[in-house]
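Only the coordinates and a few stated rules stand behind these numbers; no lab work does. Remember, predicted model here, so these are calculated numbers, not experimental data. Heads up, the Cβs are rebuilt from the backbone with ideal geometry, glycines too, and the neighbour counts pull from every protein chain shown.
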Amino acid sequence: MKPTTFHAGHARFALVAALYRQQLGEVIKARREDLGLTQKDLADRANVEEPQTVSRWERGINAPTDLEAVARALEWEVDEMLRRLTPLGQKERRQLSPHGPSQLDRIEQMLDKVMLAVGARPQSPAEVAEEAARRKEEKRRADAAARRGKKGSGHAA
């Protein structure tokens, strides 16, 4: 895969992840309010030190690192919480912008054109994640081989 293709796919993946993070924040906030909890109450229940962390979740800036603790604090199972997320299809993207294609649609269309121009096929977010995992594993193996090589060359007589 060409580097440009990887970076374009990574950008698409980051955009979709940001939208899901924002949606998860809205779900957390709605449930917290339904339970009559403050952000501090939720932080205490989820064993989070700062209530500002809950605020960042709710605004979609960050996602919880421990979904199980947050779900438990909201009196849910993780799957109950995640079922409230809506897969982002064309309909949802158009709802983000009632005046035609959403910004995400326009960016994806442009990324698809760029990727086709460099001779690559567009990738799904899952394919981008798989490629990133594959590259990470290759780097880990190369680093391990380099460390083994240094150890071996240091003992030569």
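A few points about this structure:
- Taking a Cβ cut-off of under 11 Å around GLU77, the surrounding Lys, Arg, Asp and Glu residues balance to a net charge of -2, with basic ones at +1 and acidic ones at -1.
- Karplus 3J(HN,Hα) series, Hz, for the stretch 74-83 with 6.51 cos²θ - 1.76 cosθ + 1.60 (x for Gly, Pro): 8, 6, 10, 8, 4, 5, 5, 5, 6, 5
- For the stretch 38-43, backbone phi angles converted through the Karplus equation (6.51, -1.76, 1.60; θ = phi - 60°) give residue-by-residue couplings of 8, 4, 5, 4, 5, 4 Hz, Gly and Pro being listed as x.
- 3J(HN,Hα) from dihedral phi, the stretch 20-36, Karplus parametrisation 6.51/-1.76/1.60, rounded to Hz, x for glycine, proline: 5, 4, 5, 5, 4, x, 5, 5, 4, 5, 4, 5, 4, 5, 4, 7, x
- Packing here is the average count of other Cβ atoms within 10 Å per residue, and on that basis the peptides 32-42, 138-148, 67-77, highest first, run 67-77, 32-42, 138-148.
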